[in-house]
Amino acid sequence: MKTNMLGLPVKESGVIADELNTLLANFQVYYQNLRGIHWNIRGKRFFDLHVKFEELYNDAQLKIDLIAERILTIGGKPLHTFEDYIKENQLEIGKNISEDVKAVHLVVSSLTGLLKIERPILAKSAEINDEGTNSMISDFIVDQEKTIWMMNAWLEESL
């Protein structure tokens with residue numbers, strides 16, 4: 001079996017890099033959704049949500065960079081065009097969302113969609129002892145699950 005400079009199998013690392021590229025594209029869409037709801041949010045909860053969405057998009061931006069660097073580390077090339085992002089996207093695209101409940105629902109559905117992409121990557125990276133990818137994805141999942149829980153708690157209050 002041929003291995004890369006990290007000692008990971010080349011073929012399997014290529015598959016993981018491809019799946020990380022799908023995750024990268026979807027994170028870019030998530031990031032843009034967050035920017036849009038940050039800019040357009042209106043209403044009595046504006047101040048709280050405006051700040052929260054900024055916190056989330058800053059976090060997403062950091063994760064986007066981590067994903068791209070991991071793709072490079074394991075021997076792949078990160079996607080970097082909007083054309084590629086849209087082609088790989090599996091998330092709802094939020095357009096002109098200014099209402100608080102709709103915005104929070106978009107965050108929850110986006111994070112749920114990201115988890116669906118991440119869990120198979122986690123399983124595949126574990127199979128080849130790719131601890132770098134495994135650790136990164138595991139950390140993402142923990143953060144996203146907590147954010148989903150918090151957003152759902154907020155949604156219960158707003159009903």
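Of all residue pairs spaced 6 or more apart or on separate chains, those with beta-carbon atoms under 7 Å, a first member in segment 120-148 that is touching a residue at least 60 places away in the same chain (Cβ under 8 Å) and surrounded by fewer than 17 Cβ atoms within 10 Å (Cβ to Cβ) and a second member that is part of a helix (DSSP H, G or I) and of a type outside the set (A, V, I, L, M, F, W, C) are PRO120/GLU19; GLY132/ARG70; GLY132/THR73.
Just one residue in the set ASP18, ASP59, ASP48 is surrounded by fewer than 22 Cβ atoms within 10 Å (Cβ to Cβ), within 11 Å of the chain's Cα centre (by Cα) and either closer than 22 Å to LYS87 by Cα or not small (Gly, Ala, Ser) (or both); that residue is ASP59.
Answer with yes or no whether LEU34 is outside any loop (DSSP other than H, G, I, E, B) and under 18 Å from ASP130 (Cβ atoms).
Details: outside any loop (DSSP other than H, G, I, E, B): yes; under 18 Å from ASP130 (Cβ atoms): no.
The answer is no for LEU34.
Remark: pairs (first residue in segment 1-24, without any contact (Cβ under 8 Å) to a residue 24 or more places away in the chain; second residue of a type in the set (Val, Ile, Thr); Cβ separation under 7 Å; 6+ apart in sequence or on different chains) = LYS2/VAL10; THR3/VAL10. If you go through segment 140-157 and keep only what is among the charged types (D, E, K, R) and under 19 Å from ARG45 (Cβ atoms), you end up with GLU156, GLU157. Count of segment 94-114 residues, restricted to those that are surrounded by 14 or more Cβ atoms within 10 Å (Cβ to Cβ) and either in contact with a Gly (Cβ under 6 Å, 6 or more places away or on another chain) or closer than 28 Å to ASP18 by Cβ (or both), is 10. The set of residues in segment 49-102 being closer than 15 Å to THR147 by Cβ, polar (S, T, N, Q) and touching a residue at least 40 places away in the same chain (Cβ under 8 Å) is empty. Counting the residues of segment 21-41 that are surrounded by fewer than 13 Cβ atoms within 10 Å (Cβ to Cβ) and basic (Lys, Arg) gives 0.
Quick note: the coordinates plus some simple rules give every number you see, no bench work behind them. This is a predicted model, so every value here is computed, not measured. Counting neighbours? That spans all protein chains shown, and the Cβs are built from the backbone with ideal geometry, glycine included.
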